[in-house]
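The structure appears below as structure tokens.
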Amino acid sequence: MKLMTKLATATALSLGLATPALAQVKLEWWDFLAGGDGVRMQALIDEFNAEHPDIQVSGTTLEWGLPFYTKVRTATAVGQGPDIMTYHLSRLPLALEENVLSPISAQDLETAGLTKEDFFPAAIEAASTDDGQLMAVPFDIHAVVAFYNKTALEGTDWLDENGNLTGISSIEDMTTLLQWAKGEGFSDPLSFQSEGGGGTWRMFYTLLRQQDGELITDGEVLAGDNMDKAVTAIQTLADWRSEGLIPEQAAYEASVALFSGQKAVIHINGVWEVPTFKDSAADGSLGFDWSANEVPQMMDQPATWADSHAFAIPQNPNMTDEERSAVMTVIGWMQEHSLAWADAGHIPAYKPTVDSAEYAALEPNATYASLADNAAFDPRSSIAGVASPVYDAVDNLIAPAVHGFLSAEDAAAEMKAQLQSLID
């Protein structure tokens with residue numbers, strides 16, 4: 001397409017025909033951003049295009065998850081990939097194995113007006129190879145947070161003078177709060193997506209990492225005492241379920257509805273749901289005051305499941321220096337304008353935005369921004385990450401154990417065996 005545009009322009013000029021002004025560089029962009037994220041990203045692309053007549057970005061949104069990464073792999077293999085794309089950093093290990101990404105050099109960062117020090121260390125580590133080669137540029141840190149019903153907790157020991165959750169420093173503390181809420185008429189005191197691998201994985205992994213547990217260590221699944229820690233995490237969720245403190249197999253939308261419908265006093269979900277509750281509160285349909293904090297530390301250390309949307313450049317031997325420079329210009333501009341992305345609930349990976357007065361005034365984002373220092377990214381393995389075998393194992397083994405269909409010990413042992421077979 002780019003070649004045809006250049007040929008058409010050259011032909012018109014040779015014939016002395018008047019031609020409209022053409023952008024010097026046209027970039028093809030792929031993302032997987034739907035809903036509010038998609039709207040916000042398109043607005044950023046439109047703003048960039050308006051400010052840069054010499055660079056024009058044409059965006060395409062593809063299906064989230066496995067379909068997106070499959071298309072990236074096949075398109076890159078035949079030289080038909082985009083110039084720039086969004087990428088989950090949890091998928092980086094598989095991308096390295098498949099060799100689909102072009103490394104980001106120091107010169108690239110300089111072109112974008114960026115340095116590694118501009119970003120949160122956890123995000124840069126997740127975006128880099130083991131020897132420190134940057135493979136993508138982080139755009140955000142999106143994690144699970146604890147949404148809570150401030151109205152219901154008003155006047156209790158679980159809300160401090162600033163309206164933040166307090167008094168939860170152990171599993172027992174959380175259980176006590178949930179039991180109280182059950183007695184107050186909340187049918188499912190703690191809601192999360194308990195049907196499907198995504199929500200259960202985020203809960204399980206948060207509890208595992210809060211014990212300083214590791215799912216995969218040097219190619220071994222649940223090595224050493226990590227097995228016991230996995231069992232503890234699974235059993236904790238199973239105990240809450242058996243007491244009626246979490247819902248029975250709630251699909252994603254149902255888990256959100258339980259909170260907005262005042263059936264749950266706490267809802268653990270991604271920061272991407274912040275706009276949902278903001279909008280409902282603004283139009284008066286929510287019916288209670290709410291906020292969101294970092295998931296409380298209930299075990300040995302603070303830790304919260306997290307991932308990052310990042311910008312990546314597919315392998316393309318035909319990309320010109322001019323096109324690569326334009327791509328890095330886009331990436332640098334996006335970072336400088338990431339406050340607009342924060343409006344979707346995400347924590348910008350670009351620290352100057354988080355350190356700004358404008359971000360400090362953005363609530364509840366500024367309150368839970370502390371989780372960036374406690375972000376627990378998925379294991380660095382080609383079998384982990386978005387829409388990976390790890391998600392399948394959680395869906396097929398841990399979720400059933402949470403709902404009482406097999407023991408926590410059996411679920412952990414079977415998951416270990418299943419995942420190890422994919423590594424060996």
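Surface composition of region 306-385: carbon plus sulfur atoms contribute 46% of the solvent-accessible area (1.4 Å probe, protein chains only, all chains present). If you filter region 168-255 for GluC sites (Glu not before Pro), then keep DSSP loop positions with at most 15 other Cβ within 10 Å, what is left? For GluC sites (Glu not before Pro) across region 168-255 that sit outside H, G, I, E and B with at most 15 neighbouring Cβ atoms in 10 Å, the list reads GLU184, GLU243, GLU248. Modelled label positions at ASP289 and GLN80, each set 7 Å beyond Cα in the direction of Cβ, lie 5.6 nm from each other.
Per-peptide packing, taken as the mean over residues of other Cβ atoms within 10 Å, places 103-114, 386-397 in the sequence 386-397, 103-114 from highest down.
For region 212-322, what relative contact order do you get, as a whole percent, if you take Cα pairs closer than 8 Å and at least 6 residues apart?
Values: 39 pairs, mean separation 14.2, N = 111.
Once divided by the residue count of region 212-322, the mean separation gives 13 percent.
Fully extending the segment from LYS351 to ALA43 would add 108.7 nm, taking 0.36 nm per residue of separation and subtracting the current Cα-Cα distance. For Rg and Dmax of the Cα atoms in Å, the value computed from the atomic coordinates appears in the list (i) 23.3, 72; (ii) 23.1, 82; (iii) 31.8, 110 under label (ii). One decimal place: the segment THR217-SER407 gains 66.0 nm when fully extended, by the rule 0.36 nm per residue minus the C-alpha distance. Accessible surface area normalised per residue over the chain is 41 Å², counting heavy atoms of protein chains with a 1.4 Å rolling probe.
What does the helix-only formula give at 222 nm for the chain: each DSSP H stretch with n ≥ 4 adding -39500 (n - 2.57), the total divided by the residues, and the result rounded to the nearest 500 deg cm²/dmol? It would help to have the intermediate numbers written out before the result.
Values: 20 runs with 185 residues, N = 424.
Taken over the chain, the calculation gives -12500 deg cm²/dmol.
Give me the extension gain from ALA366 to ASN396: residue separation times 0.36 nm, minus the current Cα-Cα distance, reported in nm with one decimal. Can you show the working numbers first?
Values: separation 30, 0.36 × 30 = 10.80 nm, distance 3.62 nm.
So the chain would gain 7.2 nm between ALA366 and ASN396.
For a modelled paramagnetic label at LEU422, 7 Å from Cα along Cα-to-Cβ, the residues of region 175-216 in reach, with backbone nitrogen under 19 Å, are 195-206, 208-209, 214-216.
The values are calculated or read from the model by the stated rules, or taken from the named source; none is laboratory data. This one's a predicted model, so the numbers in the text were calculated from it and none came from an experiment. Because the Cβ atoms are built from the backbone with ideal geometry, glycine has one as well, and the counts that use them run over all protein chains shown. Remember, those area values only see protein heavy atoms, side chains included, never the ligands or the DNA or RNA. Shrake-Rupley method; radii C 1.70, N 1.55, O 1.52, S 1.80 Å.
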